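Each remark here refers to the structure printed beneath this line.
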């Protein structure tokens, strides 16, 4: 039961019981994309590589390999929830789809009496484009977001804006992105803002020793600022190893780690840390990321990519 309460706090299932003031809806938009970026703790604003840049910073679409690529991602997430995603990229364009299922939820009335089970699911579809502005790169995404809980539904519109500057002749880059800027989500008599956030980051991609380092700062509209740090090592033939870390508010960390309820140990207790690995061969890529969530268990993210 306590795990379910913590999960609801994490994902804020749309229009969750007349949520508290300042709580954003459509929290599935914060679940990330691509096991590569997640393995690096989502410190990806200034990295902006591959199809995942459509999610983290569409300015990354402005330059790079002009070939076509399709990425598919799946997450066996927490407490029966799941996330399925797809991105098709042909620079400077990309199209993406995210489907989130909250599984089967237990309904209760105001007196906590059971009212039967119900489902909740969310969908986001987006189109993105990158632009080259001299040495500065920019990008924009438009999104249509649809949410359904029980028999209620809501549709909202949003946009992402991104900037990216790569210092020519050096491994360094800077990036910034404004994500989920759009209309409010209205369920019956209640309305909620989207999870708007401003991100800024720096990255260094060293050819030798094939090491990528990244640092991001995130400023959301419904919570405290957070810092993310990530690293990727590609010194092994065709194999990448990744680590990441994201800060969290003390109260959120205590709730997820079950402090006061006996706590958790092992991998599940490493909330805030991310780890992953990837394999690439002849235009095919497979990536995996592990996200410990304390008392809720560990989420596993998978993605495959194909160039053609």
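What follows is calculated from the coordinates using simple rules that are stated; it is not laboratory data. Every value quoted in this text rests on a predicted model; they were computed, and no experiment measured them. Here the Cβ positions follow ideal geometry from the backbone for every residue, glycine too, while neighbour counts run over all protein chains shown.
Hey, what's the Cα Rg ratio for the stretch 139-206 versus the globular rule of thumb, 2.2 N^0.38 Å?
For the stretch 139-206, the normalised Cα radius of gyration comes out at 1.56.
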Item to check | Cα point-scatterer Debye curve for the stretch 2-307, base-10 log of I(q)/I(0) at q = 0.07, 0.14, 0.16 Å⁻¹ | outcome: -0.26, -1.07, -1.40
Checklist outcome for this item: Check: C-alpha center the stretch 139-167 vs C-alpha center the stretch 41-70, spacing in Å is 16 Å
Next on the checklist: On C-alpha positions alone, give me the angle between the axis of helix 2-11 and the longest principal axis of the chain, in degrees, nearest 10.
Outcome noted: 50 degrees
Next on the checklist: Relative contact order for the stretch 2-307: what percent, with Cα pairs under 8 Å and sequence separation of 6 or more?
Outcome noted: 20 percent
Item to check | Footprinting exposure proxy for 150, 246, 36 (fewest neighbouring C-beta atoms within 10 Å first) | outcome: 150, 246, 36
Checklist entry - the stretch 209-233 to the stretch 76-113: how many Å between their Cα centroids? => result 23 Å
Next on the checklist: Over all directions, the average projected area of the alpha-carbon convex hull for the stretch 181-259 comes to how many nm²?
Outcome noted: 8.6 nm²
Checklist outcome for this item: Out of 165, 55, 288, a Gaussian network model of the chain with alpha-carbon springs under 10 Å gives the largest mean-square fluctuation to 165
